[in-house]
Structures are given as C-alpha cells and as structure tokens.
Amino acid sequence: MTIPADLDLQSYEYALETERIADRPSERRSGSRLLVLDRKTGSLKEDLFSHIARHLTPGSLIVANNTRVLPARLWGRKETSGRVEFLLLTPLPLIKAVKNGKEHMSRVECLLRASRKPKIDTWIDFGDQVRFRMLKDLPMGRAEGELYWTGDLGQFFMRQGYMPLPPYIKRSDDDVDRERYQTVYSAHEKQGSVAAPTAGLHFTSELKHELLKKGFDWTEVCLYVGYGTFSPVRTRDVRRHDLHPEHIEVGFEAAFKIRRAKEAGRKIVAVGTTTMRTIESVYKLKQGMQEFKGWTDLYIYPGFRFEGVDQLITNFHLPKSSLLLMVAAFSGRQMIMEAYESAKERGFRFYSYGDSMLIS
C-alpha cells in the first residue's frame, strides 16, 4: 500500500550543513532572524525577531508556555560502581512524595544510559541525598522506579543537575545555558521540563513590554516538556507513531482570554509547538476552551483540524520529527519543506538555539 507523501516519514527528510545547526545561543535573544511564511500565498519574508510586531495582526492574543527547564540530568553510580546517566522525566511539581523513614520516596519515570543497562532492582546512588531503584523497563529507552531523597529535591537538582541540552549539541552545558536555555517569562513554580519551549527563547522582557504597549494581549499556559516532544518518529507511516503523554495546565485567566479573543475574531498566536499542542489539546478534550489540568497524548500530523491557533511562532525542527510533522499539519508539507530549503539557502540557524519562523 502506497503511503501519501504527507504521511510518509521519508518525505520529511532534509540535509543540513553542520554550521547551520546552532549549538550555542546568539548573543542577543531578540536579535535572532525571523522567516515569515504566509500560508495563503506561500510567500516568504525575512526580518529580525525584534520586528515581529510588524507581522502580527493588531489586537492579537499571544499565548506562551511558561514552563521552566529543570537541570534534570544527573550522573550516578550503580552498586557495581558502573557510571549511569539519569534524566528525570516526571515533572518536578507532579512528584508526590511519601515519607519512608528519614527519606521521601516517589515513583518516577526517567531515561537511563550506561555501558550496561541497569537490571531490575538495581540501585543507583547520586550522592548522600538521592538514590534510585530501577523497577521497570519502558518503551523507547525509558524506565520507571522509586526515587528516594532527603531534604529539598528541587534544590538538589539545582546544585547537582546538568541542563538537559538536546543530543545534537555535542558539548557539556555551562553557566550560559543555565540562563539562556530558559524563557524570560518562565515561572519558577512551573520548573520541571526536560527541554525548553525554544520558540520563546527569542523574547526579551523589553520586547514583551513593547508588544503590550502596541495593543497586543498576552497570556500563558503550561506544558511540561517531556520525552514526547523530542522522541523521534520511528515509523514510515507517521500515523503509527505513539506520542508519549505530557502534562498541561490552562488556568482560568488563560482560558477566558483565549475564549474571549476567539469570540471577538482576534487571532491567537501560539509561541511554540508546545503552546499549540496545549491549546489544541484542550479544544479536543473539552470541546472548547476551558480551564484544564491533566495529561495530553494529542499527536498532530497532516490532516489535523486546528480549532484554536491562528498563527505560530516556532523554530526550525529536526528532520523526521513529530514537531516538523506538526508545523507541516499547520502549513502543508510542501510549503513547509520549501520554506526550510529557503531558510537553508538564506543561512538561517536551525534547532533549539537557532533562528525563528512565523507561520501566519
């Protein structure tokens, strides 16, 4: 059976020179470049991100994901002294601790990487305060087990953890990443993501203030970025891919603003694919925009009918990824792939620390 091009993973492949892969942040957030794609005409314009107001409809509601990245990567030791890399996938605010003697304990999900995969019932120590007991293998390299700790778990990760930079960045994280791999509007109480909602990295506090002064509205939702966002698509027919659930939160104010803007005919501008997934998930789960807190496994690929988002601010995504499929669903596969080719020719920087795109 022939797979339509829009649903064939191979049609989302592209070649990219190494220098176009941004492995460090640009010197200035809003100084990044912006490629503007008009979905109606297919036309492309080039500008600076700091000039994005020129390309948005006055009065639009800008919706951003205010999650904060946790330094969620730890290095530990098995009882045999073997070194293990541990990446916490369970969002920190969702960890429900129970008292276990002098320790706290919670069941969590993680990624584990070692020369020899830890067996069931293996203990991994991360120092005096934190240890992990392996209980269950999960698909796609994930694992489940019991995390034990004393003191403040969040503070331990802040002291001992490493920023979970994407795997294509072939260097260790540094102090610059601690600051620049966060959006300026991220909320400390929403710390728990294992990747940044990277479209928001281009905003400065000054640019946000300028947009508000010009009459744009602003609200925030939360999606704790987890394994579902960066897990590669592995099936030739993209419809057969399983997307790992992620936790989303839309508060009363955000739901009210989105609903009111839609009723007034004002455009909803999603800052990033995670924001888009959050908004469209609530529309699908609640048959409209309402306050919501819970899990979503919404998988957006070509053929999806969008109900909430009118414009999307996004970065340039990895080939054959669920995020590339999402933007293709929004603009059309051929149009987005032609835009990517144009971005390559124009020298745009790709991926998490790269340049930006507005799909309108």
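The values are calculated or read from the model by the stated rules, or taken from the named source; none is laboratory data. None of the values given here were measured: they were computed from a predicted structure. Because the Cβ atoms are built from the backbone with ideal geometry, glycine has one as well, and the counts that use them run over all protein chains shown.
Scan Gly200, Gly215 and give me the residue that is modelled with pLDDT of 95 or more and buried (at least 21 other Cβ atoms within 10 Å of the Cβ). Within the list Gly200, Gly215, the selection yields Gly200.
The residue that is surrounded by the fewest Cβ atoms within 10 Å (Cβ to Cβ), counting only those in segment 338-353 that are under 25 Å from Lys267 (Cβ atoms) and of a type outside the set (S, T, N, Q), is Glu338. Within segment 288-307, residues that are over 30 Å from Ile95 (Cβ atoms) sit with their Cβ atoms under 7 Å from residues that are β-branched (Val, Ile, Thr) and crowded, with 16+ Cβ neighbours inside 10 Å, at 6+ positions apart or across chains, in these pairs: Tyr301/Val238.
Residue under question is Val221, and the condition is that it be in contact (Cβ under 8 Å) with a residue 40 or more places away in the chain and either assigned to a strand (DSSP E or B) or not assigned by TED's automatic domain parsing to the domain that holds Gly272 (or both); does it hold? In short, yes.
Of everything listed in (1) part of a loop (DSSP other than H, G, I, E, B); (2) among the hydroxyl-bearing types (Ser, Thr, Tyr); (3) assigned by TED's automatic domain parsing to the domain that holds Lys208; (4) buried (at least 18 other Cβ atoms within 10 Å of the Cβ), the single unmet condition for Thr57 is (4). Of everything in segment 67-84 that is buried (at least 17 other Cβ atoms within 10 Å of the Cβ) and small (Gly, Ala, Ser), the residue that is farthest from Leu223 (Cα to Cα) is Gly76. Residues considered: Leu165, Leu87, Leu111, Leu147. Of these, the only one that is assigned to a loop (DSSP other than H, G, I, E, B), modelled with pLDDT of 90 or more and buried (at least 16 other Cβ atoms within 10 Å of the Cβ) is Leu165.
Take the residues in segment 3-35 that are of a type in the set (A, V, I, L, M, F, W, C), over 21 Å from the mean Cα position of the chain (by Cα) and outside any loop (DSSP other than H, G, I, E, B), then tell me which one is farthest from Arg239 (Cα to Cα).
So, considering only residues that are of a type in the set (A, V, I, L, M, F, W, C), over 21 Å from the mean Cα position of the chain (by Cα) and outside any loop (DSSP other than H, G, I, E, B), the one farthest from Arg239 (Cα to Cα) is Ala5.
Among the residues here, Leu74 does not qualify as assigned to a strand (DSSP E or B), at pLDDT 95 or above, hydrophobic (A, V, I, L, M, F, W, C) and under 19 Å from the mean Cα position of the chain (by Cα). Does any residue of segment 230-238 turn out to be assigned to a helix (DSSP H, G or I), farther than 27 Å from Pro319 by Cβ and either modelled with pLDDT of 95 or more or under 21 Å from the mean Cα position of the chain (by Cα) (or both)? No, segment 230-238 contains no residue that is assigned to a helix (DSSP H, G or I), farther than 27 Å from Pro319 by Cβ and either modelled with pLDDT of 95 or more or under 21 Å from the mean Cα position of the chain (by Cα) (or both).
Among the residues that make up segment 309-317, is at least one of them of a type in the set (Phe, Trp, Tyr) and more than 20 Å from Val36 (Cα to Cα)? Within segment 309-317, none of the residues are of a type in the set (Phe, Trp, Tyr) and more than 20 Å from Val36 (Cα to Cα).
Please work out if Asp38 is of a type outside the set (Ser, Thr, Tyr), surrounded by fewer than 16 Cβ atoms within 10 Å (Cβ to Cβ), without any contact (Cβ under 8 Å) to a residue 60 or more places away in the chain and under 21 Å from Lys344 (Cβ atoms). It is false that Asp38 is of a type outside the set (Ser, Thr, Tyr), surrounded by fewer than 16 Cβ atoms within 10 Å (Cβ to Cβ), without any contact (Cβ under 8 Å) to a residue 60 or more places away in the chain and under 21 Å from Lys344 (Cβ atoms).
Applying the criterion of being of a type in the set (A, V, I, L, M, F, W, C) and surrounded by fewer than 24 Cβ atoms within 10 Å (Cβ to Cβ) to the residues of segment 280-292, the residue that is farthest from Leu243 (Cα to Cα) is Met289.
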